[in-house]
Each structure stands twice: as structure tokens, then as C-alpha cells.
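Notes to accompany the following structure.
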Amino acid sequence: MPAPLLSAARNIALFALMLAPARIPAAAQEAKTAFSAADFRRLETISGPVFAADGETIIYTLTSHAAPEAQYSDLWATEWRSGQARRLTDTPRQSEWQPAPRADGSIVYLGDAAEDGTTQLWLLSADGETTRQLSRIPGGISDYSLAPNGSAAIVVAEVGANVGEAPDIAPPIVIDRFLAREDGRGWIDDRRQHLFRVDFASNEATQLTHGDYDHWLPSWSPDGKNIAFVSKRCEAADRHYCSDIYIMPAGGGEARRVSTFAGGDADPGFESGRPSWSPDSTRIAWVRAGDEADTWYRPTQIAVADLTTGEITHPAWIDRYFYYPRWSADGTRLIALVEQDRDTRLVSIDPASGSLRELTEGRDVAYDFAVAPGGRIAVLANGPAAPLALRSVGRTPRLLTQHNGWVADRALAQTRDISWTSGETEIHGMLLLPPGEDGSRPLPTIIRLHGGPVYQFSHDFMLDWQVYAANGYAVFAPNPRGSSGRGTEFAMAQMADWGNLDVADVRAGIDYLVAAGITDPDRIGVGGWSYGGILTNYLIAREPRIAAAVSGAGMGNFLGGFGVDQYARDYLLELGAPWDEPERWLRLSYPFFEAPDIHAPTLFLCAEEDDNVPCTGGQQMYQTLKTLDVPTRLVVYPGENHGLTVPAYIEDRMQRQLDWYDRYLRAGGTGD
């Protein structure tokens, strides 16, 4: 799911803000420009860092949101010693991403410049002057792993009767699988994701896997002999979390299952990284889920398989989520991300003893990292005061990228960590105050609710929060029960009981802010996306102090959502079938069935092609409030999936939410 300034001195100052918030004098703030929704178009986002073979250069993807119609990405490089970055590709209406440097200095990457518009493998020459298309697979590819010698790649591509076809009249879509739709893929017909080997000398692609299975996250062993990948081959696989790690010869052949756990191993839905080979190709590390019955509520852990003995160990088993385990250059340690309360740390783990050492600290959220052949480590992280940036890991961290320098000229909202009690449970969250405010007078307040529900708000740079604060709002970001970052018990307190304890925790937070004189009880707004939109629906049905709401990609009638979204498996595991547990399903759908209790003017937002939380959910709640004569509006973003990608729509969503809050919360707002 996310900092740089123009000069080294400014970078150091802003990095200090990332680690420890400080109050900026009002006069200094007044000299700066206020954040606005239009600033989203200025954001540049870093992703996918990887060291070149010499360990002196880091290659990464930089995504721009400047064009209104789409995000576009280019490849960049920054030098380890100087932090001087340079652009490697410059394609204003095309994108390049997921770079993999070769030993000769050339770079393999994914790009969309093929004549048919599909995503294919490409090669950028070492001098940066020429590019060459390496693959021509019908329908395109979605992922790849480069051979250690750089001569070939294992790619993931769809196989099916209609893949790569563009008939004048589309054929009927025939579905036999348990899950009918998937966000970003649409209807799931006979298509399966298989592995192909693409040889760069001939550009020929050879299919390596077959059968009625999907295959994901290929990883080529350092000795070049084998491929590790993820597949689901259990009985009725679509109904279960049963992904496993397999290995097969690099030239193709019989696949051997490595993992032994009955639940999910390196499930691609975890977004926790591909299987990672040790440098000597004798061990594989990955992220493993908890028991299937616990779905997302139990944190994922690291698993390590010894391919010689077959033994599987779980170093550093703690009650927190791990992501992206990778081996150190010498194979003696694992480097990974671990989620803590409102922060995500980069850690080093001894696979033998399980001892864990944090490599980053402070109010800091790490999203990715790169490990050089010689042992250097760069981390991609952000904090409340600055967007994502690359920096070195060591005793004296240095910023390695200088993007988003414009942020230094904006008046920054102060961020506070806060806690309060709900019943007998301590709840944590964050509070942003408008520039120049110190919390000494009641302010109109916007409550932001996170998705998930097993997710949390962390010490991230949140542009939309800064925009709200720039317009005079306090921003309250609670992490109620059900959130991640505080272990299994805290998350599972809300399992199969949505809209109960989490609503109580948010309402207790409102009580706390009102009692502290920070929040004006007559001017409270709420909003969120995904489960944040769902929780918004719950809150407006229970909390009479809400004066305006924005429910994005939400749902209020889960009975009406079953079979419409992509979560039938998860519903059955967590809730049971509607016909077996009708009382539970009705209870969880109280925003719809108790809609006469809702009086807050509510804006509903949804993405037209969203199969995660479809527009059906927002449409039903909109129609319900419209029927009850509660002020409401429905806005649909055409062609978009669950995570909006069109910059014009993202800016619109931010501004439209602000306008809705202004209409009902600001003094002099029309409310009509």
C-alpha cells in the first residue's frame, strides 16, 4: 500500500522531523504555502529499489501523478556515496517499472511500450541509449524473476481460451470456479496464471507449468539450477488459504512441494514478498500465515526451509506481521520488515537463534529495502512530515533520493500520538492539528477510518490529512480493536463482530477529544475507504454527533454483498454461510436494516470496476438514505478498481470530500 528536499541541509532538517515531531513557530508556518488537493499531482512515489551488481548504485521506479489521465513511471538511479540521482528513462506517456540490473550494467524491466499495449519484458542498454523488447507473450506478463547470469527470465502470464484475443464480438464469459470475480482481473473464467521461461537470445517463451492451477512469485536460485514459486494445489483451492512453496528445475520438469503447512504460505494476497533463496541456494525463506480459520487476524510469520534436510523453522516468531524476508549478502541473517504499533521497522534476524535486531527506529514506516552484494542496505521509508525516500541503513543514515522537494515549502500540520481508554482497553491513534493550532480551542474534526479491518494508521505522510488540516480541521486517526500492529488478541477482538467494539473505540476517542477541548462536538465528520467506508456506515448508524460523513468503497448490507464481491471464501471462514448464520449476518448489516437511525449527510464514493468492495455497497446505502430524505450523494469513478489510479480522480476524491465537510461542518456552511 506508500523525503526529500532540494538541498542536503533541508533533507537533514526534514529527516529530523520524521523522527521526532516538533512545533514549528506560527510565523514560520505562515510564511509557507498551505497544502491543497492539487498537490497530489506534484507527488512522486518511489518503489522497487534494487542494487546494481557493483553495490554502488540503486535502481528504482519513480511514479509521477502529474498527468490527469494516468500515472506514469520511469526508471531512476541514485549513487550510494553521493546520493545523486539521475533519470534512466524518460517516457511521458509510457511506463517502466520493476527493474532488475544485469552484471554488464544493462537493466531488465517491465514496460508497456509494446505495440499491442500489453506489459512485456524489456532491456535497457548499459549506456541508457537503446531499449529492446524481450518478450512477446499474448496477453502480456505480470511478474518475473531474472536468471542469475541475466540470460533469461521466468515470467508469469495468463493462459486461457481467449487470452490475447480481441474479437469484434466478445464471447460469453463462462465461469465454473468458486470465486467468480477478482479486483483488477474482472470475471474469472478459464484463465490460469502459468510460468514461462523467456530466453533473451531468441526471445522465445517456453511454458513451464501446466494444469488447472495458478502460479505466482517466481524466484530463480542463485546457482541458476532451480525456480521457487507459489501455487495452490489443494482440493477446492479457491475455497481455502492453501498456497505452498514449490521448486522445479530452471529448464522445467516436475515441481516439488517444499512447504508443509496446511494454511497459506507466501499467499500473493499477503503482499509479503516472493520466496527468497539463500546465497548458497540451500535454503528458502518466505512468510507464512496463521491457521486458515483465523483468516487475516493472526500475524504472518517467517518460515525457512532447509532443502537438504527438509526441516522448516520459524525464526523470530513474535506476535507481529512480517514482510519481505530476504537473505543478507553472506547468508548469515535475514533482513525483513516487521509491523509494530504505528510503525514498521526494518530488522535483522539470526535464523539459527531467532534473535531480532531493529535496523531502523523512531516514528518511521518502512515499505521496502534493497540489499547489496557487499552487504549495504538501503531502506524505503517515510514519516509524518515527508513522503517516501530512500536512505542508507547504518549508524548515520543518509538520504539517497531528493524527490518531492516542494513539501518543504508547505505549512505542515503537527502530528501527535494519542491514547484513550475504551472500556478497559487502551486504544491508540494519531491527531493532526492545523498549522498554528496547539489544541487549546475546540476545532471542527474529521475522523479518518482505515481499511482492512486488519490494518492500522501509521506514522506515514498522509497528504489528504495535511489538506484537511490546512483547511482548519483537526484530523483524528484511531486504530480501534481489529487493527494490526498490536498482536493477535487485539485484532481478533473484532473478528466476526464488525461494527461493535471498533465503533465503541472510535466513540470513546470522540469523548476523549471533546473532553480535552480539542474537538467541537457539533462539528464532527467521519470518512474512510474500504473497511474505512464500512466502519463509517456503522458509525453514522450509532453516533448521533456525526454531522457529515464520506463512505468510500463501503457496504452496509452484507447479505446483499455475498457473491457480488471477491470475499465469499473469507465470509464463509469468518462468518459462516448467511443461511446457516442469518442472525449474525443481519447484525453485521445494521446500517442498512437500521437506516432510520441515520441522520448524518453522507457522501458515498465508489470505483466502477471495483470487485473488492463493489459499488453495490455504496449504491444500496445511497438509495436507502435517499428514500429516507437524508442528504446524500453518490459519486462513481469510471473504469477504476478498488485502489484508484487515475490522478484526476484521486485529486477529485480528495477535493470532493473536503467540499462535503465544508458544506456541513464549517461555520457558514450552506448544508443544502
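The values are calculated or read from the model by the stated rules, or taken from the named source; none is laboratory data. All values derive from a computational prediction rather than experimental measurement. Using ideal geometry, Cβ is built from the backbone for each residue, glycine included, and neighbour counts are taken over all protein chains shown.
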Practice prompt. Could you pull out the residue among G482, G509, G423 that is over 19 Å from P384 (Cα atoms), surrounded by 22 or more Cβ atoms within 10 Å (Cβ to Cβ) and over 21 Å from the mean Cα position of the chain (by Cα)?
Written response: G509
Discussion item. Going through S142, S135, S125, S82 one at a time, which residue ends up being buried (at least 19 other Cβ atoms within 10 Å of the Cβ) and out of contact with any Pro (no Cβ under 9 Å at 6 or more places or on another chain)?
Written reply: S135
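Which residues, taken from segment 331-340, are of a type outside the set (V, I, T) and within 20 Å of F270 (Cβ to Cβ)?
Of segment 331-340, the ones of a type outside the set (V, I, T) are 331, 333-334, 336-337, 339-340.
Within segment 331-340, L334, A336, L337, E339, Q340 qualify.
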Worksheet, complete the sentence: Residues of segment 431-478 being more than 16 Å from the chain's Cα centre (by Cα), within 30 Å of S272 (Cα to Cα), surrounded by 24 or more Cβ atoms within 10 Å (Cβ to Cβ) and not hydrophobic (A, V, I, L, M, F, W, C), in sequence order, are R448, Q466, P478
Worksheet item: Do you know which residues across segment 250-264 are charged (D, E, K, R) and either in a loop (DSSP other than H, G, I, E, B) or modelled with pLDDT under 95 (or both)?
Response: E254
Item to complete: Collect the residues in segment 282-325 that are surrounded by fewer than 17 Cβ atoms within 10 Å (Cβ to Cβ) and either modelled with pLDDT of 95 or more or over 25 Å from the mean Cα position of the chain (by Cα) (or both), keeping them in residue-number order.
Response: T282, D306, T308, T309, G310, E311, T313, H314, W317, I318, D319
Practice prompt. Report whether or not A595 is farther than 24 Å from A491 by Cβ and touching a Ser or Thr at 6+ places or on another chain (Cβ under 6 Å).
Written response: yes
Worksheet entry | First in segment 382-410 and more than 13 Å from D364 (Cβ to Cβ), second anywhere and basic (K, R) and assigned to a loop (DSSP other than H, G, I, E, B), Cβ under 8 Å, 6 or more apart | S392/R376; S392/R398; D409/K32; R410/K32
Fill in: Top-ranked residue in segment 629-669 [being in contact with a helix residue (DSSP H, G or I) (Cβ under 6 Å, 6 or more places away or on another chain) and under 13 Å from T602 (Cα atoms); ranked as surrounded by the fewest Cβ atoms within 10 Å (Cβ to Cβ)]
L634
Worksheet item: Given the conditions (1) within 27 Å of the chain's Cα centre (by Cα); (2) part of a strand (DSSP E or B), which single one is not true for L179?
Response: (2)
Fill in: Some residue of segment 215-222 being of a type outside the set (G, A, S) and part of a loop (DSSP other than H, G, I, E, B)
yes
Worksheet item: Can you name the number of the only condition in (1) touching a strand residue (DSSP E or B) at 6+ places or on another chain (Cβ under 8 Å); (2) of a type in the set (A, V, I, L, M, F, W, C); (3) part of a loop (DSSP other than H, G, I, E, B); (4) closer than 23 Å to R136 by Cα that A161 fails?
Response: (1)
Worksheet entry | Single residue of segment 397-411 satisfying the filter (more than 14 Å from L463 (Cβ to Cβ) and among the aliphatic types (A, V, I, L, M)) that is surrounded by the fewest Cβ atoms within 10 Å (Cβ to Cβ) | A408
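Among the residues of segment 326-342 satisfying the criterion of being under 26 Å from F490 (Cα atoms) and of a type outside the set (V, I, T), which is surrounded by the most Cβ atoms within 10 Å (Cβ to Cβ)? Spell out how you get there, then give the answer.
Keep residues of segment 326-342 that are under 26 Å from F490 (Cα atoms), which gives 336-342.
The next check asks that each one be of a type outside the set (V, I, T); those that pass are 336-337, 339-342.
On the way: A336: 27, L337: 24, E339: 22, Q340: 18, D341: 16, R342: 22.
By that ranking, first place goes to A336.
Anything in segment 492-507 that is under 21 Å from R542 (Cβ atoms) and among the aliphatic types (A, V, I, L, M)? List them, or say none. Lay out the reasoning, then the answer.
Narrowing segment 492-507 to residues under 21 Å from R542 (Cβ atoms): 493-507.
Across segment 492-507, the qualifying residues are A493, M495, A496, L501, V503, A504, V506.
Hey, among T260, T300, which residue is farther than 21 Å from L146 by Cα, of a type in the set (V, I, T) and touching a helix residue (DSSP H, G or I) at 6+ places or on another chain (Cβ under 9 Å)?
Values: T260 fails: touching a helix residue (DSSP H, G or I) at 6+ places or on another chain (Cβ under 9 Å).
From the options T260, T300, the qualifying one is T300.
Just checking, which of G436, G405, G472, G451 is modelled with pLDDT of 95 or more and touching a helix residue (DSSP H, G or I) at 6+ places or on another chain (Cβ under 6 Å)? So that I can check it myself, show each step before the final result.
On the way: G436 fails: modelled with pLDDT of 95 or more; G405 fails: touching a helix residue (DSSP H, G or I) at 6+ places or on another chain (Cβ under 6 Å); G472 fails: touching a helix residue (DSSP H, G or I) at 6+ places or on another chain (Cβ under 6 Å).
Only one candidate passes the filter, namely G451.
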Discussion item. Going by what's in this entry, would I518 be described as among the hydrophobic types (A, V, I, L, M, F, W, C), more than 15 Å from R587 (Cα to Cα) and crowded, with 24+ Cβ neighbours inside 10 Å?
Written reply: no
Discussion item. Under 6 Å between Cβ atoms, which residue pairs at least 6 apart in sequence (or on different chains) link something in segment 489-503 that is over 21 Å from D341 (Cα atoms) with a partner that is of a type in the set (D, E) and at pLDDT 95 or above?
Written reply: A496/E574
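So which of A370, A378 is under 30 Å from R416 (Cα atoms), surrounded by 17 or more Cβ atoms within 10 Å (Cβ to Cβ) and either of a type outside the set (D, E) or out of contact with any helix residue (DSSP H, G or I) (no Cβ under 7 Å at 6 or more places or on another chain) (or both)?
Values: A370 fails: under 30 Å from R416 (Cα atoms).
So the residue among A370, A378 that is under 30 Å from R416 (Cα atoms), surrounded by 17 or more Cβ atoms within 10 Å (Cβ to Cβ) and either of a type outside the set (D, E) or out of contact with any helix residue (DSSP H, G or I) (no Cβ under 7 Å at 6 or more places or on another chain) (or both) is A378.
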Worksheet item: Somewhere in segment 542-558, is a residue closer than 19 Å to S589 by Cα, crowded, with 19+ Cβ neighbours inside 10 Å and among the aromatic types (F, W, Y)?
Response: yes
